[in-house]
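These notes concern the structure reproduced below.
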Amino acid sequence: MLITSIAAAQPSGKEILDRIDQNMSAESRYVKSKMIIHGPRTSRTIESETWAAGESAFTEYLAPARERGTKMLKLEDQLWIFSPATDRTIQLSGHLLRQSVMGSDLSYEDMMEDPDLASKYDAVVTGSETVDDRECWIVEMHAKTEDVAYQKRKLWVDRQRFIPLKEELYAKSGQLLKKTELSDIQQHGSRWYPGRIVYKDMLKTGSGTEFIVDEISFDVEIPEYLLSKAALR
Amino acid sequence: MLRFYLKGLFRDRSRSLLPIIVVTIGVTLVVLANSWVTGVLEDMVVFNARFATGHVKIMSRSYFENRSQQPNDLALIGTSALMASLKSEYPEMQWVERIQFGGLVDVPDENGETRTQGPGGGMAVDLLSDESREIERLNLEKSLVKGRIPQTPFEIILSDQFAGKLEVEPGDTVTLISSTMYGAMSITNFTVSGTIKFGTAALDRGGMVADISGIRQALDMTDATGEILGYFPSGEYDDVEAASFAAAFNEKYSNPQDEFSPVMATLREQSNMSGFLDLIDYFKGIIVTIFVVVMSIVLWNSGLLGGLRRYGEMGLRMAIGEEKGHIYRSLIIESVFIGLAGSVIGTLFGLFFSSLMARGIDISGMMQNSTMMMQGVMKAKITPAAYYLGFFPGLIATVLGTVLAGIGIYKRQTAQLFKELQA
């Protein structure tokens, strides 16, 4: 009775973002995932492993053969890619950050985004709606600063689990740039986390990119060298 | 009678010399302007055909719609089968596969870190097959400034200006950062085999040429190509033939419901080439029209002056009973001789000056910031039209001028003639 009445009471936008961050952010995590890119003609599957801690992350691509051994390192606001075929490490900056990651609907800029929403956005609850049979708060977020990829975001947040089930990402001009749908929500200890996220870049043809979490662990020990440039080669 | 008119013209030079000089100058200018405009614009068309459009080009329907972006994600796939069909069905045509690509060219230092980088745009062509004529078609051998043509898939030629900006020499390694046809980032090492001067500012700023097999691997375009270009065996573009050829191909191969089905476009339909081709015809029309109008006015004026000078002669001829119509016709016959003489001399002068200008004028210095695909040397071209294009307007303008000036004869009153003669 008490739990139901708390869930039904409308929390503030800030409280919702804090609850989302408790679910989605962690001191560190390890993710083994599959990215299924549904292009206009074919679909491709890319497998990778990622170790992340705070604003640093290291990803190694495992498949397909063409991408195997490609490594990506993010240290705060810097991003490097190591290409084994060329034995070159390239630092990405400027417009290269807006390029698609492996042809997916995700850009490198998306990967650079700090997962901590509460520190970057102001939020207001604008309504409620049902998504996938779950009651959701509709939360509109506006960036506190200019240095974020999306100035406006609209979230449909599960009222009970405080996990977004749907999101729309907008440019400063108000143009809708991307849509995401989060599903297969699973419980990992005290947190809820999606097992499948579908990204759709609204400016691209194709049917979007599925991001499937095969394995995930939170608050894991990450060797120090993995989050340094030494890990790239 | 004709001999009579000719004698009159030769003996009274004031009746022939000035009009012949005027017609000669006019016809010379028409022939020269026509040869110059034709030469410059046709050179642009030929240059674009060789580098960009072919005489016809096959692309996927979506690629064609977005062709200004050269979108390799919309490239044709299964092109080895399509090429085989084209070669067997249209064996007289020359078919070549090309991939346009763009990206960042990154130059590493001794530690593999970025030393310098710059944006470039390139063209992948068949440089390695024995039967390929692309090296000759793109005039690559003669345009080399340093080094040599690529001999392996992962060698590249950079424009000499671009190589200078990146501070690379033949033998150095550069990394091309681009996008695969699936949109993924592509990072591929190439060895600079040589540097080249394209002769057009747009390409000289950041142009590259590499073998298509290397670029296919770099951009993950196995059995795919952005464009298939077709060239007529004569080497000359024929718009009517190209249009019927494209219509037949599209009827057979293209499916409007399938955005990735192949579609053939003629040179005219690509890269604003229709504008250039129309411009050639418009220019010729404009030059001839202006010439006829201006020359007619000048010769009308000169005929009026001649009429004034020959006022007494006309009066006398009418007084002794010559009909006005006969005098009028005799003036027109005289003008035909003048027009013929001026047009022949003018055409000869025009052809002579055009042949001098066919060697070309170097304007590359004025095109440093140009983004047009234009050659740096502009040349006149003598076409069959140059032999008659000035001739007929020269003749028409002279006769028209005389027709207008001669109308004055009909205004003379016979009753006044003897009074005029007495005066």
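The values are calculated or read from the model by the stated rules, or taken from the named source; none is laboratory data. Being a predicted model, the structure only gives us computed values, none of them experimental. Heads up, the Cβs are rebuilt from the backbone with ideal geometry, glycines too, and the neighbour counts pull from every protein chain shown. Note: accessible area is taken over every heavy atom of the protein model, side chains too, but ligands, DNA and RNA are not part of it. Shrake-Rupley method; radii C 1.70, N 1.55, O 1.52, S 1.80 Å.
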Exposed GluC sites (Glu not before Pro) absent - longest run of chain B, DSSP non-H/G/I/E/B, at most 15 other C-beta within 10 Å: B:324-423
Relative contact order computed over segment B:154-304 (Cα-Cα under 8 Å; 6+ residues apart), in percent: 19
For the protein assembly as shown, with +1 on Lys and Arg beta carbons and -1 on Asp and Glu, the positive-most of B:Gln100, A:Gln78, B:Leu351 along the dipole: B:Leu351
Cα centroid separation, segment B:72-112 to segment B:116-164 (Å): 14
Signed unit charges on C-beta, dipole axis of chain B, positive-most listed residue B:Gly406, B:Ile287, B:Ile396: B:Gly406
5 angstrom amide H check on A:Tyr121, placed H, neighbours 5+ away: A:Lys144
Amide H contacts of A:Ser107 (H built 1.01 Å from N, under 5 Å, at least 5 apart or other chain): A:Val101
Kirkwood Rh in Å, taken over the protein assembly as shown so that all alpha-carbon pairs contribute: 30.9
³J(HN,Hα), Karplus 6.51/-1.76/1.60, whole Hz, each residue of segment B:56-64, x for Gly, Pro: 9, 9, 10, 9, 6, 4, 5, 4, 4
Other-chain or far-sequence residues with amide H under 5 Å of B:Met93's (modelled H): none
Accessible surface of segment B:56-231 [probe 1.4 Å, protein heavy atoms]: carbon and sulfur percent: 46
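Can you pull out the buried accessible area for chains A and B, both sides counted, probe 1.4 Å, rounded to the nearest 100 Å²? Intermediate results must be reported in sequence, preceding the final value.
Details: alone 12350 and 20900 Å², together 31280 Å².
The buried area between A and B, both sides summed, comes to about 2000 Å².
Over chain B, what is the mean sequence separation of C-alpha contacts under 8 Å (at least six apart), divided by residue count, expressed as relative contact order in percent? It would help to have the intermediate numbers written out before the result.
Values: 763 pairs, mean separation 114.8, N = 423.
Once divided by the residue count of chain B, the mean separation gives 27 percent.
Stokes-Einstein at 4 °C, 1.567 mPa s, Kirkwood radius from Cα pairs: D for segment A:95-233 in µm² s⁻¹? All intermediate terms of the calculation are to be shown ahead of the outcome.
On the way: Rh = 16.6 Å.
Once the numbers are plugged in, D ends up at 78 µm²/s.
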Karplus (6.51, -1.76, 1.60) ³J(HN,Hα), θ = phi - 60°, over segment A:88-97, in Hz, Gly and Pro reported as x: 10, 10, 10, 8, 8, 8, x, 5, 4, 5
Cα convex hull volume per residue for chain B (Å³): 176
Efficiency of FRET from Cβ geometry, B:Gln151 and A:Val220, R₀ 56 Å, rounded to 0.05: 0.65
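Using only alpha-carbon positions, what ratio does the radius of gyration of segment B:33-116 give when scaled by 2.2 N^0.38 Å?
Values: Rg = 18.7 Å, N = 84, 2.2 N^0.38 = 11.8 Å.
Against the compact-globule rule of thumb, the ratio is 1.58.
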Most fluctuating residue given options B:Ser14, B:Ser159, B:Ser60, as computed from a GNM of chain B linking Cα atoms under 10 Å: B:Ser14
Per-bin percent of Cα-Cα distances, chain A [5 Å]: 1, 6, 13, 18, 20, 18, 13, 7, 3, 1, 0, 0, 0
Accessible area per residue, Å², the protein assembly as shown with all protein chains present, probe 1.4 Å: 48
Length added when fully stretched, A:Ser43-A:Arg68, from 0.36 nm per residue minus Cα-Cα: 7.3 nm
Gaussian network model of chain A, springs between alpha carbon atoms under 10 Å - residue of A:Ala85, A:Ala57, A:Ala171 with greatest fluctuation: A:Ala85
Residue-by-residue Karplus 3J(HN,Hα) for segment A:195-200, coefficients 6.51, -1.76, 1.60, Hz, glycine and proline x: x, 8, 10, 10, 9, 9
Inter-centroid distance (Cα atoms) of segment B:203-232 relative to segment A:195-233, Å: 32
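May I ask you to derive the relative contact order of segment B:56-231, considering only C-alpha pairs under 8 Å and at least 6 residues apart, and to give it as an integer percent?
On the way: 384 pairs, mean separation 58.3, N = 176.
It comes to 33 percent, rounded to a whole number.
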Antiparallel bridge percentage (DSSP; both residues within segment B:56-231; nearest 5): 80
Magnitude of the charge dipole, segment B:1-132, Cβ model with Lys/Arg +1 and Asp/Glu -1, debye to 20: 1640
Positive-end residue of B:Gly315, A:Leu226, A:Gln186, charge dipole of the protein assembly as shown with Cβ unit charges: B:Gly315
Residue-averaged 222 nm ellipticity for the protein assembly as shown, from DSSP H runs of 4+ at -39500 (n - 2.57), nearest 500: -11500 deg cm²/dmol
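Assign unit charges at the C-beta atoms only (+1 for Lys and Arg, -1 for Asp and Glu), then state the dipole size of chain B relative to its Cα centre in Debye, rounded to the nearest 20.
3500
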Dimensionless Rg ratio for segment B:56-231, taking C-alpha atoms and the 2.2 N^0.38 Å reference: 1.01
